[in-house]
Amino acid sequence: MPILSIIVFVCALLLNSQQSFALPIYNSATDHWYDVVSGNWTESETASQVLGGHLVTINDQDEQTWLLQNFGSTPRYWIGFNDIATEGTFVWSSGEPVTYTNWPAGEPSNSQGSEHYVAMNWGPNGAWNDFPNFSHESWNNYSGIAEYSGATPEPSTMLLFGIGGIAAGLIKRKKCRTKSLKA
């Protein structure tokens, strides 16, 4: 029985780490869930689609402020804004209309002709900047913010993670009991 619990726990951790590494956060103003996903921009967008959404679409200053309050203003996060299809014409990966931007002076710049993907937290107030599609192995270890709707986020992953957490607690409890018996 303990081996099975360990296997379930490890599987839950592996499944969760490939898609996201934070618990989802719900925003009642948008009726959407938000979660951190890892990888370069395209990997983060793919992980967001696996969750049933896209990289975050920031529709207004209120949503930008909410993201800063819940995800912080220091780490840089990929957002769904990009000009992959047409240079200089930025669109949301979700297909939603562009109603808000947060570029600082001099951005977007398309430096060296390869900046087509947007990250937030380039400057004060979560300012945006365009970047190349950095690999997650590069020194620019960005993550993305996934946005998706639904009553419950990743039900099977949440269930496995919960089972894994219970298993970990039982294993720890057994170790503590074994140590006290030896003493």
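Rule-based calculations on the coordinates, nothing more; no lab input. Please read all numbers here as calculations on a predicted model, not as lab measurements. We place every Cβ from the backbone using ideal geometry, glycine too, and count neighbours over all the protein chains shown.
What per residue convex hull volume, in Å³, comes out for segment 43-116 when only alpha-carbon positions are used? Before the final figure, lay out each step's value.
Working: hull volume 8.8 nm³, N = 74.
So the per-residue Cα hull volume is 118 Å³.
Using the charge dipole of segment 21-153 (Lys, Arg: +1 at Cβ; Asp, Glu: -1 at Cβ; taken about the Cα centre), state which of Ala119, Val91, His54 has its Cα farthest towards the positive end.
Towards the positive end, the residue furthest out is Ala119.
How many times 2.2 N^0.38 Å is the alpha carbon radius of gyration of segment 21-153? Walk me through the numbers on the way to the answer.
Values: Rg = 13.5 Å, N = 133, 2.2 N^0.38 = 14.1 Å.
Computed over Cα atoms of segment 21-153, the ratio equals 0.96.
Place a +1 charge on the Cβ of each Lys and Arg in segment 21-153 and a -1 charge on the Cβ of each Asp and Glu, then give the dipole magnitude about the Cα centre in debye, rounded to the nearest 20. Please report the intermediate quantities before stating the final value.
Numbers: 1 positive and 15 negative charges, 48 e Å.
So the dipole magnitude of segment 21-153 works out to roughly 220 debye.
According to a simple spin-label model (label point 7 Å from Cα along Cα-to-Cβ), what is the distance in nm between Glu43 and Tyr100?
The two pseudo-label positions are separated by 2.9 nm.
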